[in-house]
Structure formats: structure tokens, C-alpha cells
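The values are calculated or read from the model by the stated rules, or taken from the named source; none is laboratory data. Computed from a predicted structure; not experimentally measured. Don't worry about glycine lacking a Cβ; one is built from the backbone with ideal geometry, like all the others, and counts go over all protein chains shown.
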Amino acid sequence: MPSVQIPPSIFEQLYLGSSNGMALLTADGQWLETNDAMCRIFGLSKEELITYKFQDLVSPENPMDNMESYLISGTFESELRLFHKERGYIAACIKLTRVQCPDNIPNFFLQATDITERKAAELKYLTLEQQYRLIAEYSHDIFGISSADEIFRHFSPSITRTLGYSPEELIGKPRSFLYHPDDLRKLQISRGLGEPPQQMRLRHKNGKFLWFELIVTLIQDEEQNDIYFGIAREITERKKSQHIIAEAHRIALIGSWEWDILHDEVSFSDQIFHLTNLKCENDTSYQITDLVDPSSRPEFERTIEKSLIQGNDFDFEFQAAQEDRNVKHLHIRGVVTRSNDGHPIKVNGTLQDITQRRLVELKLQETVERYTSLKKYNHDAIFSLTLEGNIINANVMAQELTGYFIHEMVGMHFSRFIARKDVKQVLAASLKDSSAEKLIDKMVRRDGHEAEVLTTIAPIIINNENVGFYIIAKDITEQKKLMIAKETAESTNKAKSEFLAMMSHEIRTPMNGVIGMTDLLMESPSLSAEQREYLEIIRKSGETLLNIINDILDFSKIDSGVTELAEEPLDVRACIFESVDLLSPKAQTKQLEVSFSMHQDVPPLIYGDSKRLKQVLMNLIGNAIKFTDKGGISISVKKLAQADNTVQLMFKVKDTGIGIPKEKTDQLFQPFYQLDNFMTRTSEGTGLGLAISKKLVNLMGGNIWVDHEDVHEDSPGSTFVFTVTFKTAGYFDAATQTAAAIEQAAPVRNIKILVAEDNKINQLVLVKMLENQGHTIRIVEGGNEVVDAALTESFDIIFMDVHMPGINGLEATTIIKDNLSPDQCPIIVAVTANALKGDREKCIEAGMDDYISKPITNQAVNEVIRKFFVR
């Protein structure tokens, strides 16, 4: 800086005594000398200040590029904005005065005062009335004042632009003149700043109501009177927009939300509360994670954290359980706003109910998966064809059926595989006649062999237009072979059944005479001991022959799967006693000891088929007696397991006989295999007993086997074990009690009975049995005769042979039932030598009341009569 000689008294006055900035400048604005106050004005040290020219520190708004031009006037005063190092530009008042230095070089004396605070104070202290007038004149908001009595006292001119009234038209009017009645009742008066605005409707001069955001504050005027100061801003269009947006959100099931990260504040739209289980309560604050079901929150939190870190927007779907136990599918989308330095400051987003969309997507996905699975896993070959019959695609089964790979078949004409040229015509015909698909009944494989197929043709419909066809071909080559084999087997079974029916009828008919007459003769008191012995031999021989027939028929029924088990109260101890009692004479003859034990936990009464249980026991005990010459037979039973309604029992039949080789065990339960095939033949039988027993045991939910571990060298013999499952029963069926009562009751006197039987011996047997009981009997031999007798005379019961000359017993029954009223019709009981599957059912379906099979016994006849005729 150049040195100028100035008296010390001047510097003392300029620099030490003044608080204003002072400096000496050259004509071009360079600093010659300055005081500390000037440095403070610019916020610079002296060393920093001299690096600038004065005009460089003046705001561009007040350019002072040509300093020398101010030398002409000699003095320059102005308010400028000067640069301050820390505060930017400040307001300052400057004065430039030209001075002449001793060397006659013209310079400037600069005085500068910081007037920033004064300027702020001037702006601050503008009168309230000036500010109000300025705002009221140009603002679109309405300013109004009403007195404590709710009378309008003042309005800003803006009310004319907004509501059409001049201020003078409203002054003196009550509030009710301008406010909507419903809104006036809920008007709230604010007593301080910070209150949220209310949404109210104000009346336009044309009579319509417009929406406003309104704040009414209670204040006091200069005389301490209460007045109401109101500010109203029209929001009619915004309200319409909000309503449209809200309605759109409601229809689209969308709610909006905002998360202010800096202040950790979350706000939800009204629709959010309709979509979630959240409650809209003023005193409740929510976090953004509250939008999500608790089970999904951990994953949602990770999604948000990842989004905030990486700066990406995010999507999140979840399921939310509702109070009505239904499940909603919801989708959250968030858009992150970041500051200039990249930090997240806000997230705006939406929450949408996508339940219906997800259901549609799932249904579509399910349809696609079903279609794909149908083609992929279908056991039939599927081809998709164009309208012309060219192959578009096929599945794996089509590949196996034809011998071609799928990619090889694509583009081929389907006629290649069915040896027909009219594929297009067949496809077109299938649209009108489904039988056209039968024209495709064979397919030619790659190797030239033909496969028989069952074909279905289905059109491919897209947008109501037929664009192609599906061909579904089932290879039935093996099925046809099976059908032929099945028909052959059915024919064989039919022949077997017819043979058994014929054998049953032809054998049982003469057996009826043998056993029936023997029963009658055994009741004669004049028989000698020798005669009784001969009759006993005849009876036993007849029973043996009957047992053989019954075994064959029984096995046939069980083998065909038509045997049904009865469910009736069953006493296990009584079943064993009865079985042993029937076989005791044979055991006594061989001097064998028969013992029986039952564990104490076996229920005394269960529910099952006692007849079938006794049949198994008698087969096993009978075999044990048959093949034991010394020692004895023991029968035991114990409980294996018991559930709520069932009990499983295990029976053992052990003997001290000749035993059974282990290697022969597997053959024991085969039909027609006899225990003494490997021994000297000493007994008769069909060899069906054990086979029948095994099937019956299986029907009763158990199994049967030979226990070889129970046999020792010092204790020969065999042990048969079987298990069965019964129902537990604590009561007797009403029908069982009724049957017991019937059995004990006596028949009515002198029942009139019609016997329809063409066989003379069977006539004699049945007549003698009935006469011995004191009944009146009439005999007819043909179907026509029995119809005539039944329709012309009155009978209590008819014993009707099924096979008779003329019309058979079934046809005769139908005619009688059709021509007699129920109170006049006699009881009709079928008497037949047939005992195969369906015989009883056929009789009942024809209208017969009961059924007995030949050979007939006194007991069977008595039970039928007691069943229908009791005192």
C-alpha cells in the first residue's frame, strides 16, 4: 500500500474515535488505509481486504465499476449491499468524499455504516394495519371479524371474488346467514395458534354452498372486548379432487401412507383403516410396520431396511387374517425420497387389497397347472391338432403309444397314425356327432404294429372360436385281452354256479326224504333198540352226506365273496360249550379228554356271528378229535386287545395227536386238501373245513395259523391258533328278544296250511311233520293249482316249492299277492333245494315272506310257524 503523509491528529480522530468504517481509497478503488471498523463491516482482516478493490465488494445490484466518475461531483452517498465474508451481502450506508493529498493525487475518503439491523427493524415495525391491508388486498383467503354476539363486523375485499358478496352486504348479518346449518353446529373456536383448520361450507351469493378450510380464533381488541377473527380458504375443487381420489381409492381398494423418517412420524389415509384391522383413533400413533400382519413383520422390516440402504423402491405382499376369519392378500409399495447427500428422509407409499387379483391369479395358475399336469401325467395319449389335422403338440403317453418323440410328431399330419385320409372330415363331424370319434379305433405305431384305442375328440375353443382339436387316445389293447379273459371266467363261473345249483337241487330233494322220514320214525315210541340203532345209522349217514354238500356250497359262497356276517349278541363261553357238546360223543368214543379255559378279561358278551364262530371251532375241534387217538384236546381263549367299540380275541385248539409236519403247513388251508393226505386214510371229509375256516376268520377281521413253537418231542400233536375281532355290546337287540319270545310262544290252534310240492316223498315228509303238530293240511302239486286254491280258499300259510310244473313258485307267489289284499293273503314260505347265492333274495323279491331250504327238519318248520303265528 503506498505511504501518504497525514497528520497524526487526523488518524486519531478517524480510526480511534469512530465506530464507523473509514478508509482512504485511490481513484480506481484500491485501499490506501483503513480502520478496524471497516474490516469488521466486510468480515475480513486488513491483509485480506487489500487484495480486493472496493467496487469488487459491492453487490452486482449496485455496480461501481467507474470510480473516477464520482470525482466530478466530489461527494457520493448511497445505501448499498456490501459483501461480508460470513454473512453474505449486508445492507450498508456509504459516503464517498474526494480528498486532495499532498502530492496532488485525487483520492476518496470512504465512510461505511452497517445498517442491516436497522433495515430489519424497519421491516419488522411496519404497522399491523399496513400489513393487514396489503394481505387483505391481494390474498385469495377471506379475512373476517365477528363480534361476541356472532354478528359480522368486517370482511376483506377478497370475499367478493370468492363468494360474490361485497363486504358491506355481509356486515351486520349473523353467522347463520353464511354458514351451512349442519356445519355451524359443529363450528369450533380456537383459542391459540396451532389448531388444525376445519372444513366448513359457506353460502355463495347464488345460493350454492362452497367448501372452505376455516380457522376461527377468539382474540381481544384494544378495548379488551372478545371478537372472533376468521381466515377461510376455498377448497371446493380440492375437496372434489379429494373425493374423486378417495372414491377411486375405495373402488380400487387402495390406501396411502407417508413416513417422515426425520421426525419419525407416520400418517395414514382413511382407506388404510378400512383395509386393515387398525383403529382410527386420534390418541393412537402407529408405526409403518403396523400395516403388516404380525407374522410377516420380520420379513417386512428386512425389506424396508434393504430398501433404505440400497436406495431402491420396494414392493411387499403378505396375508392378513381378518376378524371374520377370512384372509386378505395385501400389497405394499413404497417410494423413498432422499436428501442431497443421499440420506433417506421420507417414504411415500400405498397399501392395496389384491385379494381378488390373487384369487384370479391362483385360479389361473391352478388351471394352467391342472392343464399341464393333465397332459404330463395323464395315462392316455393326448394330441393337440390344427383344424387341418396337423399335430401341434403331444404328451409323453402319445410318445409311448406311437413310438415317435414329441418333437418328431410336431407338424406331422394325424392321418399318419390312424391310416385314414379323412381326418379333417372326422374332426369336423365330431362337433355335431360325438359318435364320429368311434371312427378312430386303431393307431399305427412306428414299428407298424397296431394298437386298439378308445378315442375322445374335444374342440379347442379360444374367444368363442374353434381353433383346433384335442385327440385323447386310450390304449385298450391289454384291456380287450382282459375283457375276453373276464368274459371267459364269468362264463366258467356261471357254468359252475349252474352246476352247483343243479347238484344242490338234485341231491337235497332225495335227502329231504331220507332225513325227514328218519326224523319222523325216530319219534315213534314203538321202535326196538335195534331199529333205533339202524335209524341212527341212517340219520348219521344222511347228515354226513348233507355236511359234504353244505361244505361245498358254503365254500362256493365264501369264495365268491357273498357271505355276510350276522351281528348279534354272542356268548363266547356258550359257543365253545355248544361246539364241544356236539362233538363230545366222538371224543368219548375214543376216550379223549376235552378241556376248556377262558381268561378272566374276555368280555362275557360281545357282538358278532356266533354261527360262524362255532363253525370255525367245530372244524378245528373236529379235526383234533379225528387225528388224536390218545390224550386229549384243550381249547383256550384270551383277549389280545380292546378299543372303544371292538375287542380282539385269540383262540387256541391244541391236541396230542399225530401232529403236522412243518413243511405241510402251507397246504393245510388250501381247498380240497386233507390232513391225512400224507397219512393212512382213516376218515372221511371234503378237505374244505380248514379252507372255509381260514376265509371265515379273515372275514371276521383275524387270521389263522399252526403254532409249531408249542409242539415238543415229549408232547406231540398240533396247535391251531386264530384271532377274530368282535364288536363290544352291552345290550340285546330288540329283534333278538322278540325272536326269543316267539320261540317260546305256542302256535295258534288248527292252522290251515297249503302244501305246494310235486315230489311225493317230500309231500309225505312235510305233511307228517305238520299233522303231528295238529294242523290242517291240503296238498297241491303244480303252480296253477296252488294259485287256484289260494284264490278260492282261505289259508293261514303256504309252504311253496320253488320248482313246480306249470308256473314256478316265484310266479305263483306274484299272482297271489297281486290278486289278494294284504289282510286276505296267506303267509308264503319258500321251500327249495337251492341254497346258493341270491336264492333267498329272489324269493323275498317275489313277495315271499320267508325261506327254508331242503332237507327240512321239524325244528325248521316249527320256527317258521312260531315266527308268524303266536298267541
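Couple of notes before you dig in:
- In segment 752-784, the residue that is nearest to VAL829 (Cα to Cα) out of those that are of a type in the set (S, T, N, Q) and in contact (Cβ under 8 Å) with a residue 40 or more places away in the chain is ASN762.
- Checked against the criteria, TYR470 counts as surrounded by 14 or more Cβ atoms within 10 Å (Cβ to Cβ), touching a residue at least 40 places away in the same chain (Cβ under 8 Å) and closer than 19 Å to GLU388 by Cα.
- Among the candidates VAL829, VAL802, residue that is in contact with an Asp or Glu (Cβ under 7 Å, 6 or more places away or on another chain) and surrounded by 21 or more Cβ atoms within 10 Å (Cβ to Cβ): VAL829
- Given (1) loosely packed, with under 15 Cβ neighbours inside 10 Å; (2) at pLDDT 85 or above; (3) part of a loop (DSSP other than H, G, I, E, B), number of the condition TYR165 does not satisfy: (1)
- Flag if THR289 is of a type in the set (Ser, Thr, Tyr), closer than 30 Å to ILE151 by Cβ and at pLDDT 80 or above: no
- Residues considered: MET800, MET769, MET804. Of these, the only one that is of a type in the set (A, V, I, L, M), under 27 Å from LEU521 (Cβ atoms) and out of contact with any Ser or Thr (no Cβ under 7 Å at 6 or more places or on another chain) is MET769.
- SER69, sole failed condition from (1) assigned to a helix (DSSP H, G or I); (2) among the hydroxyl-bearing types (Ser, Thr, Tyr); (3) modelled with pLDDT of 85 or more: (3)
- Of all the listed residues (ASP433, ASP447), the sole one being assigned by TED's automatic domain parsing to the domain that holds THR402, touching a residue at least 24 places away in the same chain (Cβ under 8 Å) and among the acidic types (Asp, Glu) is ASP447.
- Restricting attention to segment 142-156, the residues being farther than 18 Å from GLU213 by Cα and not in a strand (DSSP E or B) number 3.
- Of the residues making up segment 397-456, those that are in a strand (DSSP E or B) and touching a Ser or Thr at 6+ places or on another chain (Cβ under 6 Å) are ALA451, GLU452.
- Among the residues of segment 47-54, none qualifies, meaning not one is within 30 Å of VAL216 (Cα to Cα), crowded, with 16+ Cβ neighbours inside 10 Å and either at pLDDT below 80 or aliphatic (A, V, I, L, M) (or both).
- Whichever residue in segment 588-641 is in contact (Cβ under 8 Å) with a residue 40 or more places away in the chain, of a type in the set (S, T, N, Q) and out of contact with any strand residue (DSSP E or B) (no Cβ under 7 Å at 6 or more places or on another chain) and, among such residues, is farthest from LEU668 (Cα to Cα): GLN615
Yes/no matrix, rows are residues, columns are (1) crowded, with 17+ Cβ neighbours inside 10 Å; (2) in contact with a Lys or Arg (Cβ under 9 Å, 6 or more places away or on another chain):
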site	(1), (2)
ILE272	yes, no
LEU275	yes, yes
LEU278	no, no
THR284	no, no
GLN287	no, no
ARG297	no, no
ILE309	no, no
ASP313	no, yes
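- The single condition among (1) touching a Pro at 6+ places or on another chain (Cβ under 8 Å); (2) farther than 20 Å from ASN698 by Cα that ILE633 does not meet is (1).
- Strands (runs of 3 or more DSSP E) contained entirely in segment 561-639, each with at least 3 residues that are surrounded by fewer than 16 Cβ atoms within 10 Å (Cβ to Cβ): 593-598
- Meets criteria (surrounded by 11 or more Cβ atoms within 10 Å (Cβ to Cβ) and modelled with pLDDT of 90 or more) for ILE391: yes
- Residue in segment 368-380 that is at pLDDT 85 or above, surrounded by 17 or more Cβ atoms within 10 Å (Cβ to Cβ) and not in a strand (DSSP E or B) present: yes
Rundown of residues vs (1) part of a loop (DSSP other than H, G, I, E, B); (2) among the basic types (Lys, Arg); (3) more than 22 Å from THR518 (Cα to Cα); (4) touching a residue at least 24 places away in the same chain (Cβ under 8 Å), yes/no style:
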residue	(1), (2), (3), (4)
VAL786	no, no, yes, yes
PHE795	yes, no, yes, yes
MET800	no, no, yes, yes
PRO805	yes, no, yes, yes
LEU810	no, no, yes, yes
THR814	no, no, yes, yes
VAL831	no, no, no, yes
GLU841	no, no, yes, no
GLY847	yes, no, yes, yes
